[in-house]
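Chemist: Pasting in a structure now, in structure tokens, and then I'll have a few things to ask.
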Amino acid sequence: MKTSYDVLIVGTGIAGLNTALGLPKNLDVLLISKDYAWECNTFYAQGGVAVAKDAQDVAVHRRDTLEAGAGHCNEAAVDVLCSEGPAAIRELIERGFSFDHDASGRLLYTKEAAHSTQRILHAGGDATGRYLHLFLMEQLPFPVLYNTHVTDLLIDEGTCYGVRVFHAGKIFNLYAKKIVIASGGVGSLYEYHTNARTISADMQGICLDHGIALADMEMMQFHPTAFVLGHAVRKQLLSESLRGEGAMIVDDHAERFTFAYDPRGELAPRDVVSRAIFLHKQKTGREVYLDLSAFSHEHFKERFPSIYYNMRTIGYNVPEQKIPISPAFHYAMGGIHTDLRGRIANVKDLFAVGECANTGVHGANRLASNSLLEGLVFARRVAQEIAQSDFSSRKEHYFSEAEACLSQAGDKELKNELRRLMWRYAGILRDEEGLAKAQERVEAMLALPIGKFLRLRLAVSREIILSARRRKTSLGAHTMVVRN
Ligand code: SIN
């Protein structure tokens, strides 16, 4: 198999695919997918893509993003997202992607929490991610190496030369002039999450091994409305656009209690609604539901076909029957620190983009549906940056193919323990005592004879815990409580 390329892209979600689509076709590009290409968070995204509807809305989108981000956003990154968003969407439509529209061809926009207007484009009703992913895959002019785990980055003296991979039972190196990490967030570190099963923080852990900075790692977003009962590892998301279009959060006394926590009720930013549900359950012991009675049966089935079929398949007669809900881990605002062109300080030829990256665009709490837009906008920038570089020069450096043991018997139990630990102590509500306890246990696990993949998860978990311990007061999704 060929082992040398112009560009390697790790990840086949929206950020990886859109980076690839922005590169000149004459480059020799390989995408690396851990599983099937579609086993990524993009594929499961329901709500849509947020974008300014017109020139006036750019400033409003910017303001909403900054407000949801709780004053912690990098404003320059937000400017890029909101001002370049419309062009990225136009480009997608010009390539042939079809967002949902009415009979006269006018785009249909929905609303989600903390947006001051309807500005969320969607496709296939509630299957935006699936439609987008399929479309981008169909356009892809480059090959994908499937079922391939990246085990290391090949870095020497501040330059990245490629990646080491585990594929078809073998470990080997793949070399490239430019390497892009677009591998998604950290969902599998938590007991309850809405992420694809491939999203396990390996690349963030590998970056830590190489001294590459992660930023804002205490900023982990919990989606307020997930169906967490049942044994599936990935919990069923109940899109925020349901609430944007009339669904209510109630308890088993039919009380719409979120208004007691914030005057915006169900449409307050995600961190606020998640905390309200969590605290209300804790204080009252009541069950909490998503009430879909605002929808007629036919309209619900047509507008939210995936949720309709998924919930009916597991026995919920929606929209007539209420669905029990809980917050679940959803999105990492923190990640591999980059500039606004995806570059990583101190490591030449290495880029990060999408959820794995941290440009500061989401601050302390991501505004709903800004993540697919981030994947489109920042991937275009990374592609432009790479396209402008000089590919004619030789870049050779060979690395040993020796690799640590990737997994050990017993790792699975420890992984599950880690998930419970992170959910309990580094989840929606945190306190110093719990974080210290979690850190102690993580350190103890790190000292055990474990495989590399588990070690990487533990290293990233420790980073989340340490960042949370450093931030003593609450901000956005990071909530510190004082226990009596
Ligand atoms: C949703 O549909 O609620 C998820 C959208 C997002 O994560 O931004």
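Chemist: If you check ASN365, ASN370, which single one turns out to be out of contact with any Gly (no Cβ under 8 Å at 6 or more places or on another chain) and within 16 Å of the ligand (Cβ to nearest atom)?
Modeler: ASN370
Yes/no per residue for (1) in a loop (DSSP other than H, G, I, E, B); (2) within 16 Å of the ligand (Cβ to nearest atom); (3) open to solvent by less than 20 Å² (accessible area, probe 1.4 Å):
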{"position": "LYS2", "(1), (2), (3)": "yes, no, no"}
{"position": "ILE9", "(1), (2), (3)": "no, no, yes"}
{"position": "THR19", "(1), (2), (3)": "no, no, yes"}
{"position": "PRO24", "(1), (2), (3)": "yes, no, no"}
{"position": "LEU27", "(1), (2), (3)": "yes, no, no"}
{"position": "ALA37", "(1), (2), (3)": "yes, no, yes"}
{"position": "PHE43", "(1), (2), (3)": "no, yes, no"}
{"position": "GLY47", "(1), (2), (3)": "yes, yes, yes"}
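Residues are listed down the side, and each one gets a yes or a no for (1) modelled with pLDDT under 95; (2) within 14 Å of the ligand (Cβ to nearest atom); (3) on the phi > 0 side of the Ramachandran plot:
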| residue | (1), (2), (3) |
| --- | --- |
| PRO269 | yes, yes, no |
| LYS283 | yes, no, no |
| HIS297 | no, no, no |
| LYS301 | no, no, no |
| ILE325 | no, yes, no |
| ALA328 | no, yes, no |
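Chemist: Please identify the pairs in which a residue from region 289-307 that is more than 25 Å from GLU255 (Cβ to Cβ) has its Cβ atom under 7 Å from the Cβ atom of a residue that is among the acidic types (Asp, Glu) and open to solvent by less than 60 Å² (accessible area, probe 1.4 Å), counting only partners at least 6 apart or on another chain.
Modeler: Matching pairs, first to second residue: PRO305/ASP126; SER306/ASP126.
Chemist: Now, a different point. Being within 16 Å of the ligand (Cβ to nearest atom) and not β-branched (Val, Ile, Thr) is true for just one of ARG197, ARG243, ARG256, ARG275. Which residue is that?
Modeler: From the options ARG197, ARG243, ARG256, ARG275, the qualifying one is ARG243.
Chemist: What residue, of ASP100, ASP126, is more than 27 Å from VAL180 (Cα to Cα), of a type in the set (Asp, Glu), more than 19 Å from the chain's Cα centre (by Cα) and within 16 Å of the ligand (Cβ to nearest atom)?
Modeler: ASP100
Chemist: Any idea which residue in region 67-78 is nearest to the ligand (Cβ to nearest atom), counting only those that are crowded, with 18+ Cβ neighbours inside 10 Å and either hydroxyl-bearing (Ser, Thr, Tyr) or assigned to a helix (DSSP H, G or I) (or both)?
Modeler: ALA68
Chemist: Another question, if that's okay. Kindly provide the set of residues from region 430-452 that are buried (at least 18 other Cβ atoms within 10 Å of the Cβ) and among the aliphatic types (A, V, I, L, M), ordered by number.
Modeler: LEU435, ALA438, VAL442, MET445, ILE450
Chemist: For region 87-108, give me each residue that is in contact with a His (Cβ under 8 Å, 6 or more places away or on another chain), open to solvent by 30 Å² or more (accessible area, probe 1.4 Å) and in a loop (DSSP other than H, G, I, E, B).
Modeler: ASP100, LEU108
Chemist: Can you run down the residue pairs with Cβ atoms below 7 Å, 6 or more apart or on separate chains, where the first is in region 27-40 and modelled with pLDDT under 95 and the partner is of a type in the set (Lys, Arg)?
Modeler: So the pair list comes out as GLU39/ARG197.
Chemist: Only one of (1) under 22 Å from the mean Cα position of the chain (by Cα); (2) within 15 Å of the ligand (Cβ to nearest atom) fails for ALA232. Which number is that?
Modeler: With (1) under 22 Å from the mean Cα position of the chain (by Cα); (2) within 15 Å of the ligand (Cβ to nearest atom) applied to ALA232, the lone miss is (2).
Chemist: For region 74-101, enumerate the residues that are among the hydrophobic types (A, V, I, L, M, F, W, C) and touching a strand residue (DSSP E or B) at 6+ places or on another chain (Cβ under 8 Å).
Modeler: ILE89, PHE99
Chemist: Of ASN346, ASN416, ASN317, ASN358, which residue is of a type in the set (S, T, N, Q) and buried (at least 24 other Cβ atoms within 10 Å of the Cβ)?
Modeler: On inspection, the qualifying residue turns out to be ASN358.
Chemist: If a residue must be assigned to a helix (DSSP H, G or I) and surrounded by fewer than 21 Cβ atoms within 10 Å (Cβ to Cβ), how many such residues does region 53-66 contain?
Modeler: Qualifying residue count for the region: 9.
Chemist: How many of the residues making up region 62-73 are touching a Gly at 6+ places or on another chain (Cβ under 9 Å) and under 14 Å from PRO269 (Cα atoms)?
Modeler: 6
Chemist: Output yes when any residue across region 121-141 is more than 30 Å from LYS452 (Cα to Cα) and out of contact with any helix residue (DSSP H, G or I) (no Cβ under 9 Å at 6 or more places or on another chain), and no when none is.
Modeler: For region 121-141, residues more than 30 Å from LYS452 (Cα to Cα) and out of contact with any helix residue (DSSP H, G or I) (no Cβ under 9 Å at 6 or more places or on another chain): present.
Table: residues versus (1) at pLDDT below 95; (2) touching a helix residue (DSSP H, G or I) at 6+ places or on another chain (Cβ under 9 Å).
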| position | (1), (2) |
| --- | --- |
| GLY363 | no, yes |
| SER369 | no, yes |
| LEU373 | no, yes |
| VAL377 | no, yes |
| GLN384 | no, no |
| GLU396 | yes, no |
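Chemist: Follow-up. Go through (1) over 30 Å from ARG343 (Cα atoms); (2) without any contact (Cβ under 8 Å) to a residue 40 or more places away in the chain; (3) part of a loop (DSSP other than H, G, I, E, B) and name the single condition ALA436 misses.
Modeler: For ALA436, the failing item is (3).
Chemist: Name the residue that is surrounded by the most Cβ atoms within 10 Å (Cβ to Cβ), counting only residues in region 109-157 that are touching a Gly at 6+ places or on another chain (Cβ under 6 Å) and assigned to a loop (DSSP other than H, G, I, E, B).
Modeler: HIS122
Chemist: In region 193-221, what count of residues is obtained for those that are part of a strand (DSSP E or B) and either over 14 Å from the mean Cα position of the chain (by Cα) or closer than 16 Å to ARG462 by Cβ (or both)?
Modeler: Going through region 193-221 one residue at a time, the tally reaches 3.
Chemist: Looking at GLY162 and the list (1) out of contact with any Phe, Trp or Tyr (no Cβ under 7 Å at 6 or more places or on another chain); (2) crowded, with 16+ Cβ neighbours inside 10 Å, which single condition is not satisfied?
Modeler: The failed condition is (1).
Chemist: Given (1) touching a residue at least 40 places away in the same chain (Cβ under 8 Å); (2) within 24 Å of TYR190 (Cβ to Cβ); (3) open to solvent by 50 Å² or more (accessible area, probe 1.4 Å), where does ALA232 come up short, assuming only one miss?
Modeler: It is condition (1) that ALA232 fails.
The values are calculated or read from the model by the stated rules, or taken from the named source; none is laboratory data. Here the structure is a predicted model, which is why all the values come from computation and not from measurement. Positions of Cβ are generated from backbone atoms using ideal geometry, with glycine treated the same way; all protein chains shown enter the neighbour counts. For the accessible areas, the whole protein counts, side chains as well, though only heavy atoms, and no ligand, DNA or RNA atoms are used. Shrake-Rupley method; radii C 1.70, N 1.55, O 1.52, S 1.80 Å.
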